[in-house]
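Scroll down for the structure; my scribbles are underneath it.
The values are calculated or read from the model by the stated rules, or taken from the named source; none is laboratory data. Here the structure is a predicted model, which is why all the values come from computation and not from measurement. Methodologically, a virtual Cβ is constructed for each residue, glycine included, from the backbone with ideal geometry; neighbour enumeration extends over all protein chains shown. Side chains are part of the model used for accessible areas, which takes the heavy atoms of the whole protein and leaves out ligands, DNA and RNA. Shrake-Rupley method; radii C 1.70, N 1.55, O 1.52, S 1.80 Å.
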Amino acid sequence: MNPEIWWADRLEDLQARIGHLFSDKKLLEEALTHASFRNESGLPFDNERLEFLGDAVLELCASRLLFEAYPASSEGELTQMRSGLVREATLARRARDLRLDELLRMGRGLRRDGGAGSPAVLSDVLEAVLGAVFLDGGFDAAMSIVEDLFDVTNLSATLDPKSELQTLLQKTGRACPAYRVVAEDEEAPERRFKVQVSSGGRVLGEGSGPTIKAAGFAAASDALEKPEKWS
């Protein structure tokens, strides 16, 4: 199939999946163009500006959803919920659900190095798409997509990466996660702990923090952002 026809068909499919038909298709094309592709192809645009806009749009949409869904929650509680919704690992999974990893145009080097599976790259392209939707259809269009992508009525796992990791491991028949302190830095201005999380003897991630609990949360988040270590 002609690559241009394939690309046009895939863009139509994506618009159907997100429920928004673009008036300006160039916005969607820009959202799906990584800077590495621009550098190799000579295009005059990439998705970094839309990513910047989409990040703010996502935070506002998520804030409104949570504000309306949890009228009794405090500012601190709402902030924690929002952080769970918009963290990199969560956004990357939603990007994969939309198959953005298949559509993102990126340079040959980045693709060869696994860029299509990178949580950072995937979260960025999702934000860029939201920025494009906002410019094309306004706040209500972006809000509708965020509502479809995120279930704010069930946030227990989202708020706690350790619980989320354990649930995912159990679903795939793997051993429960085990956490181990591997380093403690008492010389730093703020005491720091480094924790590793493993399953069945395989290290899945590591993180650091001012307390063992915080370092454990960071390790779980790291594991969720690197699913390739599970296979």
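Determine, at each q value in 0.14 (inverse angstroms), the log₁₀ of I(q)/I(0) that the Debye formula gives when each Cα of segment 1-73 is one equal point scatterer. Values returned for q = 0.14 Å⁻¹ are -0.61.
Report note on the peptides 170-179, 16-25, 125-134: ranked by the mean count of other C-beta atoms within 10 Å, highest first, their order is 125-134, 16-25, 170-179. Taking the accessible area of the chain, probe 1.4 Å, and keeping the other protein chains in place, the carbon and sulfur fraction comes to 50%. Number of Lys-Lys pairs in the chain under 30 Å by Cα, sequence gap 8 or more or different chains? Within the chain, the lysine pair count is 14.
For the chain, the dipole from Cβ point charges (+1 on Lys and Arg, -1 on Asp and Glu) about the Cα centre works out to 880 debye, to the nearest 20. Helices of the chain meeting both criteria, an alpha-carbon length of 30 angstrom or more along the long axis and an average Kyte-Doolittle score not below -1.0, with helices taken as full DSSP H segments, are 48-69. Sorting the segments 68-74, 202-208 by their residues' average number of neighbouring beta-carbon atoms within 10 angstrom, most packed first, yields 202-208, 68-74.
Accessible surface calculations at 1.4 Å, restricted to protein heavy atoms, place the chain at 53 Å² per residue. Taken along its principal axes, the alpha carbon cloud of segment 87-138 reaches lengths of 36, 21, 15 Å, longest axis first. Of the Cα atoms belonging to segment 1-133, the radius of gyration and Dmax stand at 15.9, 55 Å.
With Cα atoms as the point set, the chain shows a radius of gyration and Dmax of 19.3, 61 Å. The modelled label-to-label distance for the pair A8/D151, using points 7 Å beyond Cα in the direction of Cβ, is 3.8 nm.
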